[in-house]
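Report on the structure given below.
The values are calculated or read from the model by the stated rules, or taken from the named source; none is laboratory data. For clarity, every value in this text was computed on a predicted model and none was experimentally measured. All Cβ positions, even for glycine, are placed from backbone atoms using ideal geometry, and neighbour counts span all protein chains on display. Accessible surface areas use protein heavy atoms only, side chains included; no ligands, DNA or RNA. Shrake-Rupley method; radii C 1.70, N 1.55, O 1.52, S 1.80 Å.
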Amino acid sequence: METQDIAFIFNTFSFLVNGILVMLMAAGFCMLEAGMVRTKSVATICTKNIVLYSLAGILYFLIGYNLMYSGVDGGFIGTFSPFDVVDPLVETSEGGYAGASDWFFQMVFVATAASIVSGAVAERVKLWSFLLIVVVLTAIIYPIQGSWTWGAGWLSEIGFSDFAGSTIVHSVGGWCALAGCIVLGSRTGKYSKEGKVNPMQASALPLATLGTFLLWFGWFGFNGGSQLALGSVADASSMARIFCNTNLAAAGGVIVALILSQVLYKKVDLTFVLNGALGGLVSITAEPLAPTFLSAILIGGVGGALVVFCIPLLDKLKIDDVVGAIPVHLVCGIWGTLAVPFTNTDAKFSSQIIGILAIGAFVLITSFILWYSVKAVFGIRLSEEEEKVGADNSEIGLSSYPEFIK
Amino acid sequence: METQDIAFIFNTFSFLVNGILVMLMAAGFCMLEAGMVRTKSVATICTKNIVLYSLAGILYFLIGYNLMYSGVDGGFIGTFSPFDVVDPLVETSEGGYAGASDWFFQMVFVATAASIVSGAVAERVKLWSFLLIVVVLTAIIYPIQGSWTWGAGWLSEIGFSDFAGSTIVHSVGGWCALAGCIVLGSRTGKYSKEGKVNPMQASALPLATLGTFLLWFGWFGFNGGSQLALGSVADASSMARIFCNTNLAAAGGVIVALILSQVLYKKVDLTFVLNGALGGLVSITAEPLAPTFLSAILIGGVGGALVVFCIPLLDKLKIDDVVGAIPVHLVCGIWGTLAVPFTNTDAKFSSQIIGILAIGAFVLITSFILWYSVKAVFGIRLSEEEEKVGADNSEIGLSSYPEFIK
Amino acid sequence: METQDIAFIFNTFSFLVNGILVMLMAAGFCMLEAGMVRTKSVATICTKNIVLYSLAGILYFLIGYNLMYSGVDGGFIGTFSPFDVVDPLVETSEGGYAGASDWFFQMVFVATAASIVSGAVAERVKLWSFLLIVVVLTAIIYPIQGSWTWGAGWLSEIGFSDFAGSTIVHSVGGWCALAGCIVLGSRTGKYSKEGKVNPMQASALPLATLGTFLLWFGWFGFNGGSQLALGSVADASSMARIFCNTNLAAAGGVIVALILSQVLYKKVDLTFVLNGALGGLVSITAEPLAPTFLSAILIGGVGGALVVFCIPLLDKLKIDDVVGAIPVHLVCGIWGTLAVPFTNTDAKFSSQIIGILAIGAFVLITSFILWYSVKAVFGIRLSEEEEKVGADNSEIGLSSYPEFIK
């Protein structure tokens, strides 16, 4: 067999295997969020998560993929050519992999960005308005900013480096979530007028833990698959390093969050530990290849610390992020992107900062416009009564655990 | 390395990786069903699912594999040569893959067919009688009809086309489930004498959602692995297309079920959405390779619609299918098989109809005989008292959630 | 492409794919244990499981890997050279695989050994003391005994054969768990003074079932990846046999445990069935390659029987093993190791017995010293009051299911 054919099969199979790992992250987000909300919102959050994954796939096919990858050429946006993404029947092997496998791998990334939003705005957003936000995020906002770097647009030309998407995927979800939380306001009763924070406890911690493990598992595909190739000794070696660093960064985040929560609060807080793992994972995502094992632990550990400090900070700002998505995906996304030049000598801090700011500004502004527009036209928030009885009752009409609670 | 050796490794590894994805579908079915039944039947349904997966493997080794693949030669049945399936120590590489890897991949399919039945007949069937049904289904019924197409039997000769088993796996489970539901009757109290349907709510919707995600995840292996090879550029490209189409069909099923449940019932029903995903997946299973992406969405979307319309229809017929297995696996299985000629020009409607009818008649008739025989000899239904206290109490002796409910 | 390069990619990718399957076993143990403990200990067991997985990775990097693999040369211990494990940037392809991929695969095995302990000692051990035990187990105890066989130490020289670690991984966890259970004592109220056993019911059987399925799924990587190569026809064929035998042994364990629990107790006990699967899996782990399919079923079946008989036996000895870890991992680990010579003619009973005894003595003694030392210095057991309110309340400060139970 020709070398290029062997490489083609390896590359394609890598996209597929790593891609389904990322697909399973949708289940991870769903379980994390289903465990973290109160029981009256569980069926709703499950609905949102399976629907947003479905919408992301369809819209990335209809519109997003071309916006992101077709004819960007150093610019700010690709082509708008609906339905014309990949013709799986005529694709050739010129790129070194099956076009459909690349599409698949990129598609699951879009879904990840959307998943991040659902957790933050849970328990008070209207289902259909949220889904409309997802449509615009996955069809337009994500692909446009994605084209700047991964579509060979202007950010790639100035050397912005974001290996698997600390900024391009995670902070994008985080910015959109932040805009949503601000426009929506907090859950009724979360913050008292005296400034007191009323804890609204997670309904099922084992599900949240399962979700975190599934996300961790899927992240090997997220970062490892972003090597974009497996068909050479160098690529396989790189993927191996990425797997190790990804794992060690998550471990670093766990241990730091564990220790800090004990030191600061005198008890270990499992939700901090879980978010510490995720914070470590987001932090290493911008550069999972270059760091030594020790550096990966440190990068992830800083992520874990950021999570522990930022979750209460958000509460002080009265931003009600139900699952901690903003600390995990936005704050650690920024941190991870800033940290790239520490270990990757090809990256420059200036380019990293430009990328973070440009993508941040674009996504935050378009997200605000989006959330306000949907608010003005359709409304985005459940009525007080609907929120009180819970979205499961008002929007889904099913109780998640009908025999456990009234 | 020789081309044939490289292909051998790829093909074998594909069977193994895709095979374990299908194995995980057993967990998916288990979680789906554990979430959909009432709490008093949860431990029982978990027991059934792990036992049926085990039985399927052992019986396919003891009897089924040879019945399905050995010496069919255009006929109706293979050889009965127990224990003589695969000798992993003497197998050669002549087939282009390790014989054991092929056996593994085929074995997990048998388990899928059996899993379909357990959900439909849940909450009132006797454990040991159900397991006896599984024994006959996996050792005899499934392999015989499977031999007709995949074993190079008579249906393959007339050109019946069922890529990954919309009919051969899913409708087979569906027909056996239908027979079981009819012979068993509905759960006590499900249908009032006035014809009213008393909803019996799912006990844990997040588990049902998790199960659906696991099934979706596993389906990449189910359809992708059914390419039966990875060792060439063409095979890898085909597998990539299959992954994309599988995903988009499921997404189409989700979106259609979502919209229809809102339009028809004024609320989104999560159980319809979940079954919409599964309906989309079953629908694309007969031909996941030939369709364009858009066709895949449409084929899956029709599946989602069929699910939404058929679930209430079954209730009108007083057929109590606890998890919606018959609409998902039987109805969408037929639809997917009928739809093959729309995108695959090698398939003919006439052959498809013959295959659907032949397999349907064979499985429905043998299943009825089987269910009635077991009923006559051992009884198949819990006593009224046992059903009232729940199978967990009467047959397992454990409460699934002892601290949550009394 | 050169043959050695192709083999390198296959071998590396095999380590990575099989390695993440083993990583998911951490989630499997977590769900199994979260389902098996009472609700007041669920968040704590989740915390322990994600933290121990993290600790195992970091400590195996800091210390363990070199102790196990570097410069053992027929001896009893490797080198102590902290931080100097793998430099992923300078590794070469000389070993036929990426060094980082091998490290990754070995690392997830350490975590498995530690996971086994957490379930056995659940509900009464102090969180931080338990984590300290994990540190010593994963950094020192596990790697030293591991070096004897897998690091080319003295046991490998006498021909001790333990393919994937029935003894080296599973019994090690089991011995440490046994020491812990003895030093800790049983949960308050578990055994009455009259010798009566008070059942303390599992809080969520579907989670325990999910955990078992995830462990089964991950075990394909555990045993299959232990072939340590995929880059030849022979290796691929071996991996295929291993997958089949692993599955059939688990199935054998399930069926035997099912039947025995019905015969002995007149009801099917789901927890026996789940542990039967795990017992079958541990039993085949010492030699998953050589057995015929039928032998694999029998080896696993014996494991299932051992589980059913040993769980009540432990209760008679008043050893309170919350999840059945000692019967599953220690007893079946010994059985599986003893059974190797039945199917693998290269193995000798004498060597197997020496290996079992040497590792058992070393781990049991060092574990006793460890548990007693931690007890003396920090204390290992929750106070009576803390145990009564539950570790979730006293150590974590979160209720696992705050809306379900008071």
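I'd like the residue in segment A:64-78 that is of a type in the set (A, V, I, L, M) and not in a loop (DSSP other than H, G, I, E, B) and, out of all such residues, is nearest to residue A:150 (Cα to Cα). Reasoning before the result, please.
Kept after step one, since they are of a type in the set (A, V, I, L, M), are these residues of segment A:64-78: A:67-68, A:72, A:77.
With the extra rule that they be not in a loop (DSSP other than H, G, I, E, B), the set shrinks to A:67-68.
On the way: A:67: 11, A:68: 8 Å.
Of everything passing the filter in segment A:64-78, A:68 is nearest to residue A:150 (Cα to Cα).
Might you let me know whether segment B:32-40 holds any residue that is within 9 Å of chain C (Cβ to nearest Cβ) and within 20 Å of residue B:208 (Cβ to Cβ)?
From segment B:32-40, those within 9 Å of chain C (Cβ to nearest Cβ) are B:34-35; that's our starting set.
If we keep only those that are within 20 Å of residue B:208 (Cβ to Cβ) too, we end up with B:34-35.
Among the residues of segment B:32-40, at least one is within 9 Å of chain C (Cβ to nearest Cβ) and within 20 Å of residue B:208 (Cβ to Cβ), which makes the answer yes.
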With the requirement that a residue be under 18 Å from residue B:185 (Cα atoms), loosely packed, with under 15 Cβ neighbours inside 10 Å and aromatic (Phe, Trp, Tyr), what does segment B:348-384 give you?
B:372, B:378
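Restricting attention to segment A:33-46, which residues are part of a helix (DSSP H, G or I) and either modelled with pLDDT under 95 or open to solvent by 10 Å² or more (accessible area, probe 1.4 Å) (or both)? If you could, list the steps in order and put the result at the bottom.
From segment A:33-46, those part of a helix (DSSP H, G or I) are A:33-36, A:39-46; that's our starting set.
A:36, A:40, listed by residue number.
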For segment C:196-229, give me the residue count where each residue is farther than 27 Å from residue B:45 by Cβ and among the β-branched types (Val, Ile, Thr).
1
List every residue pair whose Cβ atoms sit under 6 Å apart, with the two residues 6 or more apart in sequence or on different chains, where the first one lies in segment A:251-271 and is facing chain C (nearest Cβ under 9 Å) and within 20 Å of residue A:205 (Cα to Cα) and the second, anywhere, is open to solvent by 10 Å² or more (accessible area, probe 1.4 Å) and assigned to a helix (DSSP H, G or I).
A:251/C:58; A:268/A:262
Residue, nearest to residue C:203 (Cα to Cα), within segment B:385-401, restricted to residues that are assigned to a loop (DSSP other than H, G, I, E, B) and open to solvent by less than 30 Å² (accessible area, probe 1.4 Å):
B:401
Checking residue C:106 against (1) over 28 Å from residue C:371 (Cβ atoms); (2) at pLDDT 95 or above, which test does it fail?
(1)
Quick one: residue C:54 ticks every box in (1) touching a residue at least 40 places away in the same chain (Cβ under 8 Å); (2) at the interface with chain A (Cβ under 7 Å from one of its Cβ atoms) bar one, so which box is it?
(1)
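Quick check, is residue A:248 farther than 21 Å from residue A:105 by Cα and either more than 10 Å from chain C (Cβ to nearest Cβ) or out of contact with any helix residue (DSSP H, G or I) (no Cβ under 9 Å at 6 or more places or on another chain) (or both)?
no
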Which numbered condition trips up residue B:193, out of (1) assigned to a loop (DSSP other than H, G, I, E, B); (2) touching a helix residue (DSSP H, G or I) at 6+ places or on another chain (Cβ under 8 Å)?
(2)
Can we say residue B:215 is among the hydrophobic types (A, V, I, L, M, F, W, C), at positive phi and touching a residue at least 60 places away in the same chain (Cβ under 8 Å)?
no
For segment A:103-129, how many residues are on the phi < 0 side of the Ramachandran plot and not in a helix (DSSP H, G or I)?
5
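For residue B:228, state whether it is open to solvent by less than 30 Å² (accessible area, probe 1.4 Å) and touching a residue at least 60 places away in the same chain (Cβ under 8 Å).
On the way: open to solvent by less than 30 Å² (accessible area, probe 1.4 Å): no; touching a residue at least 60 places away in the same chain (Cβ under 8 Å): yes.
No; evaluated as a whole, the condition is false for this residue.
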Only one of (1) more than 26 Å from residue A:236 (Cα to Cα); (2) open to solvent by 10 Å² or more (accessible area, probe 1.4 Å); (3) at the interface with chain A (Cβ under 9 Å from one of its Cβ atoms) does not apply to residue C:83, and that is (1)
Condition check: crowded, with 24+ Cβ neighbours inside 10 Å, part of a loop (DSSP other than H, G, I, E, B) and touching a residue at least 12 places away in the same chain (Cβ under 8 Å). Does residue C:202 satisfy that?
yes
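Residues that are open to solvent by 30 Å² or more (accessible area, probe 1.4 Å): which helices (runs of 4 or more DSSP H) entirely in segment A:135-189 hold 2 or more of them?
On the way: elements: A:142-149, A:154-157, A:172-184.
Fully inside segment A:135-189 and qualifying: A:154-157, A:172-184.
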Report, by residue number, each residue of segment A:178-220 that is within 14 Å of another protein chain (Cβ to nearest Cβ) and more than 30 Å from residue C:14 (Cβ to Cβ).
A:198, A:199, A:200, A:201, A:202, A:203, A:204, A:205, A:206, A:207, A:208
For segment B:341-348, check the following and say yes or no: at least one residue is in contact (Cβ under 8 Å) with a residue 60 or more places away in the chain and β-branched (Val, Ile, Thr).
no
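Given the residues C:59, C:16, C:24, which is the only one that is within 29 Å of residue C:148 (Cα to Cα), modelled with pLDDT of 95 or more and open to solvent by 10 Å² or more (accessible area, probe 1.4 Å)? Break it down into steps so the answer makes sense when it comes.
On the way: C:16 fails: open to solvent by 10 Å² or more (accessible area, probe 1.4 Å); C:24 fails: open to solvent by 10 Å² or more (accessible area, probe 1.4 Å).
Selected residue: C:59, the only one of C:59, C:16, C:24 that is within 29 Å of residue C:148 (Cα to Cα), modelled with pLDDT of 95 or more and open to solvent by 10 Å² or more (accessible area, probe 1.4 Å).
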